[in-house]
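Data first, discussion second: the structure below is written as structure tokens.
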């Protein structure tokens with residue numbers, strides 16, 4: 001993904017932090033959208049780790065840290081709005097089941113929006129209200145810890161694996177069907 005620029009120089013980027021189950025899935029989905037500059041998998045919404053170290057995948061999966069698998073998105077709001085990001089978010093994961101996405105079960109797989117501004121909070125509440133029965137948490141952003149390197153670009157590097165073919169591919173196909181005009185040029 002290249003650096004976005006506007007006629008007067010670099011674009012003013014905004015940040016969104018979302019948890020919608022497995023971050024391998026959410027990273028793969030949001031990387032396909034026009035205006036999304038970077039998508040980083042990691043952990044958000046939990047207790048600060050002891051000793052100042054980043055929490056590990058093993059600690060997160062134990063359910064004891066309170067973190068969710070999340071993605072940190074840098075995007076150009078002149079190309080894609082926060083509202084559109086949340087529309088994609090709500091359409092491409094099950095926000096109505098508490099602490100579960102498919103076979104992934106636990107608080108680390110919860111649906112959550114970690115808002116960075118009051119405007120994001122307002123938009124998140126409006127989008128959630130449109131989704132019947134959503135249990136998505138809308139909470140202030142407090143922290144984000146990058147995931148271990150082997151989680152980054154997982155889908156792109158492992159498309160031949162059954163998880164990618166059976167779980168992520170159908171989500172990418174659904175994205176293409178529901179949001180064709182929001183896809184990057186080479187994909188639309």
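Throughout, read-outs are computed from the coordinates displayed, never taken from laboratory work. Values in this document were obtained by computation on a predicted structure and should not be read as measured data. Glycine also receives a Cβ, built like all others from the backbone with ideal geometry; neighbour counts cover every protein chain displayed.
Restricting the search to the range 104-115, which residues are surrounded by fewer than 16 Cβ atoms within 10 Å (Cβ to Cβ) and not in a strand (DSSP E or B)?
Across the range 104-115, the qualifying residue is only 106.
Could you list all residues from the range 126-137 that are farther than 21 Å from residue 27 by Cβ and either outside any loop (DSSP other than H, G, I, E, B) or touching a residue at least 60 places away in the same chain (Cβ under 8 Å) (or both)?
Here is the first cut: in the range 126-137, the ones farther than 21 Å from residue 27 by Cβ are 126, 128-135.
Passing the criteria: 126, 128, 129.
Taking the range 151-172, which residues are free of Cβ contacts under 8 Å to residues at least 12 places away in the same chain and within 17 Å of the chain's Cα centre (by Cα)?
Within the range 151-172, 169, 170 qualify.
Touching a residue at least 60 places away in the same chain (Cβ under 8 Å), farther than 30 Å from residue 50 by Cα and out of contact with any strand residue (DSSP E or B) (no Cβ under 8 Å at 6 or more places or on another chain), is that true of residue 123?
Answer is no for this residue.
Does residue 140 satisfy being farther than 17 Å from residue 23 by Cβ, surrounded by 12 or more Cβ atoms within 10 Å (Cβ to Cβ) and within 16 Å of the chain's Cα centre (by Cα)? Steps first, please.
Numbers: farther than 17 Å from residue 23 by Cβ: yes; surrounded by 12 or more Cβ atoms within 10 Å (Cβ to Cβ): yes; within 16 Å of the chain's Cα centre (by Cα): yes.
Spelling it out, residue 140 is indeed farther than 17 Å from residue 23 by Cβ, surrounded by 12 or more Cβ atoms within 10 Å (Cβ to Cβ) and within 16 Å of the chain's Cα centre (by Cα).
Would you mind finding the one in 72, 98, 86, 92 that is within 11 Å of the chain's Cα centre (by Cα), touching a residue at least 24 places away in the same chain (Cβ under 8 Å) and farther than 23 Å from residue 173 by Cβ?
72
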